[in-house]
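The values are calculated or read from the model by the stated rules, or taken from the named source; none is laboratory data. Note that the structure is a prediction, hence the values are computed from the model and not measured. With ideal geometry, Cβ positions are generated from the backbone for all residues, glycine too; neighbour counts draw on all protein chains shown. These area figures cover heavy atoms from the full protein model, side chains too; ligands, DNA and RNA do not enter into them. Shrake-Rupley method; radii C 1.70, N 1.55, O 1.52, S 1.80 Å.
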Amino acid sequence: QVQLVESGGGLVQAGGSLRLSCAASGLTFSTYAMGWFRQAPGKERNLVAGISWTGSVTYYADSVKGRFTISRDNGKNTVYLQMNSLKPEDTAVYYCAAAYRGIYSRGSDYDHWGQGTQVTVSS
């Protein structure tokens, strides 16, 4: 059974930084594309960053390019999202997701989800 457990969310002032982590278990981690989605109140859940199985290729939504960095450690079965220069509009629940042999940039490929972690950016 695939389990994804996020950590690292919290409250931060605008301009600050947070690093989210997602520990995966119950899967062969190196065969999964990994991604981070977010969902703000009243809005759809959208892919903000994705990374290929080996970590060699990444995808970012336009709204986070240059500010967020996704990375993975296949030895630790963990994926990270470093978020810098945070803005109030980044406030959302952030979800880790996995896609077996999936396309890292295609949101519809992701079919395993964590429980989410709240990120709140104050102005």
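With respect to the conditions (1) open to solvent by 60 Å² or more (accessible area, probe 1.4 Å); (2) over 14 Å from Gly116 (Cα atoms); (3) of a type in the set (Val, Ile, Thr), Val5 falls short on a single one, namely (2). Among the residues examined, Asp111 qualifies as at pLDDT below 95 and open to solvent by 70 Å² or more (accessible area, probe 1.4 Å). Taken over segment 75-103, the criterion of being farther than 30 Å from Ser123 by Cβ, outside any strand (DSSP E or B) and either among the β-branched types (Val, Ile, Thr) or open to solvent by less than 60 Å² (accessible area, probe 1.4 Å) (or both) is satisfied by Asn77, Gly102, Ile103. Summed over segment 64-108, the residues that are hydroxyl-bearing (Ser, Thr, Tyr), closer than 16 Å to Gln39 by Cβ and at pLDDT 95 or above give a count of 3.
With respect to the stated conditions, Gly66 is open to solvent by 60 Å² or more (accessible area, probe 1.4 Å) and in a loop (DSSP other than H, G, I, E, B).
Annotation note: Cβ proximity below 7 Å between a residue of segment 94-123 that is within 17 Å of Phe68 (Cβ to Cβ) and a residue that is in a helix (DSSP H, G or I) (sequence gap 6+ or interchain) occurs for Val119/Asp90; Val121/Pro88; Val121/Asp90.
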